[in-house]
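*Asks:* Quick one: structure below, then a few questions.
Just so you know, all these numbers are worked out from the coordinates, no wet-lab data involved. Just so it is clear, the structure is predicted and the values come from calculations on it, not from any experiment. Please note: Cβ atoms are built from the backbone with ideal geometry, for glycine as well, and neighbour counts cover all protein chains shown.
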Amino acid sequence: MAATGEKKYHIGLAKGEVGEYVLVPGDPGRTPAIAKYLDDAHEVAFSREYRTFTGSLLGVPVSTISSGMGGPSVAIAVEELGELGVHTFLRVGTCGAAQPEIKMGDLVIGIGAVRTEGTPNGYVPPEYPAIASRDVVNALVDACSAAGAPYHVGIIRSVDALYSDLVPERMPRLHQLREELEMWSRAGVLSNDMESSTLFIVSRLRKLRAGTINLCVDELGAGEIHHLDPSYMDRMLRIAVEALKRLIEYDRAAESK
């Protein structure tokens, strides 16, 4: 534990430099794009993969902090940010589709995640489910509906080895990987990312809220990640910000009862 006022070792932030609500992209280059939707946002830290802007929404301090790729860096971010008072995490990332009806540019909201990556196993056994916060999921669904954006809600899957999913034919375990991918698709998994399971597990263990909205950049069987028109990413970011506003209003109403 860091002393009061001391910056956390990995994220480079101290108490008072980050809001209690945080939007979490993977890419450090995406935080400035999110910051433009916050009021009076400014960059406060850029340490390793963690780039942070802090501003406000509805008069409440809000930050956007990149997590980098994969579970280990997400777990560190949640641990250190939780110690600084963050209570709500909203991941805004990308994913590959696992169902044919999910198309490029669609949005996927995770209610839970299959744990096929390793980081959460350092916390709890695999029988422990990776579940998103109901409040965050509801806010995301409402924001997507209001925006008229194409979205899907359900179980997603988190992985460590991106290219094993993307091009299994190049891997030593070709047949096993293909069978596994087909099995998860038959089981109704909507899409694959690299961070959500860890985010859900660590947040829930620390009694924090977390949710995920991902932009589809890889259709089922495409074997290639695409650079989409920037307007698709921008739409997702605006929807995520609107969802966060709804959470802030929900929390205010709950506090006033």
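*Asks:* What's the extension gain from ARG134 to HIS42 if we count 0.36 nm per residue and subtract their Cα-Cα distance?
*Replies:* Working: separation 92, 0.36 × 92 = 33.12 nm, distance 3.02 nm.
The span from ARG134 to HIS42 would gain 30.1 nm if fully extended.
*Asks:* Show log10 I(q)/I(0) for the chain at q = 0.11 Å⁻¹, two decimals, from a solvent-free Debye sum over equal Cα scatterers.
*Replies:* For the chain, the Cα-only Debye profile gives -0.55.
*Asks:* About the Cα centre of the stretch 144-257, how large is the charge dipole given +1 on each Lys and Arg Cβ and -1 on each Asp and Glu Cβ? Please answer in debye to the nearest 20. Let's see the in-between values first.
*Replies:* Details: 15 positive and 17 negative charges, 142 e Å.
For this selection, approximately 680 debye.
*Asks:* Along the positive direction of the dipole of the stretch 21-256 (beta-carbon charges: Lys, Arg +1; Asp, Glu -1; about the Cα centre), which of ALA97, TYR123, VAL167 reaches farthest?
*Replies:* TYR123
*Asks:* Please give, to one decimal in nm, the separation of the simple spin-label points placed at ALA254 and ARG206, each 7 Å out from Cα toward the Cβ.
*Replies:* 1.8
*Asks:* Still on this structure: Can you compute the helix-only [θ] at 222 nm over the chain? Use -39500 (n - 2.57) per DSSP H run of at least 4 residues, normalise by all residues, nearest 500 deg cm²/dmol.
*Replies:* Details: 7 runs with 87 residues, N = 257.
Calculated mean residue ellipticity at 222 nm is -10500 deg cm²/dmol.
*Asks:* Counting other Cβ atoms within 10 Å, keep those with at most 13, restrict to DSSP loop, and tell me which GluC sites (Glu not before Pro) in the stretch 44-148 are left.
*Replies:* Values: sites: GLU49, GLU79, GLU80, GLU83, GLU101, GLU117, GLU127; in loops: GLU49, GLU101, GLU117, GLU127.
The qualifying sites are GLU101, GLU127.
*Asks:* Straight-line reach from LYS8: which lysines fall under 21 Å, measuring Cα to Cα and dropping same-chain residues less than 8 apart?
*Replies:* Candidates past the 8-residue exclusion: LYS207.
*Asks:* Could you tell me which residue out of GLY26, CYS216, LEU81 lies farthest along the dipole of the chain toward its positive end? Charges go on the beta carbon: Lys and Arg +1, Asp and Glu -1, centred on the Cα centre.
*Replies:* Towards the positive end, the residue furthest out is LEU81.
*Asks:* Something else now. Once you charge only the Cβ atoms, +1 for Lys and Arg and -1 for Asp and Glu, what is the size of the charge dipole of the chain about its Cα centre, to the nearest 20 debye? Walk me through the numbers on the way to the answer.
*Replies:* Numbers: 26 positive and 34 negative charges, 95 e Å.
Using Cβ point charges on Lys, Arg, Asp and Glu, the chain gives about 460 debye.
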